[in-house]
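Below: one structure, written as structure tokens.
Read-outs throughout are calculated quantities, based only on the coordinates presented, and are distinct from any laboratory measurement. Predicted model only: the values in this text are computed from it and were never measured. All Cβ positions, glycine included, derive from the backbone under ideal geometry; neighbour counts span all protein chains shown.
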């Protein structure tokens, strides 16, 4: 987020959206965080500031090799799991 420290401050108006209040994000912030429609963001309030982070997707945090190994194990022992389920 160090890129943002070099940029000028921007102002947005708080607007009513249904029963909530909303604020549009400037393009510079969208670009800096790599946001796209449908992405989730996390807010953290510290003193009088809001810290905004793009929420990481589980795929970004889980080792793909582990997922592949888990899939292989489940396939290998499929009948055992089915028998346990039917008990």
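Given C-alpha coordinates of region 44-87, what is the ratio Rg to Rh with the Kirkwood estimate of Rh?
Radius of gyration relative to Kirkwood radius: 1.40.
Taking 7 Å along the Cα-to-C-beta vector as the label spot, tell me the residue 12-residue 52 distance in nanometres, rounded to one decimal.
Taking the simple label geometry, residue 12 and residue 52 are separated by 0.4 nm.
So what is the relative contact order of the chain, in percent, for Cα pairs below 8 Å that sit 6 or more residues apart?
15
Provide the gained length on full extension for the span residue 21 to residue 79, in nm with one decimal, where the gain is 0.36 nm per separating residue minus the Cα-Cα distance.
15.7 nm
As a check on your grasp of the helix formula, calculate [θ] at 222 nm for the chain: sum -39500 (n - 2.57) over DSSP H runs of n ≥ 4, divide by the residue count, round to the nearest 500.
Taking each H run of at least 4 residues, the total per residue is -10500 deg cm²/dmol.
Take the Cβ-Cβ distance between residue 44 and residue 64 as r, set R0 to 35 Å, and report the resulting FRET efficiency rounded to the nearest 0.05.
So the FRET efficiency works out to roughly 0.75.
Can you tell me the 0 to 90 degree angle between the C-alpha axis of helix 64-76 and the longest principal axis of the chain, rounded to 10?
30
With Rg and the Kirkwood Rh both taken from Cα atoms, where does Rg over Rh land for region 1-55?
That ratio is 0.95, to two decimals.
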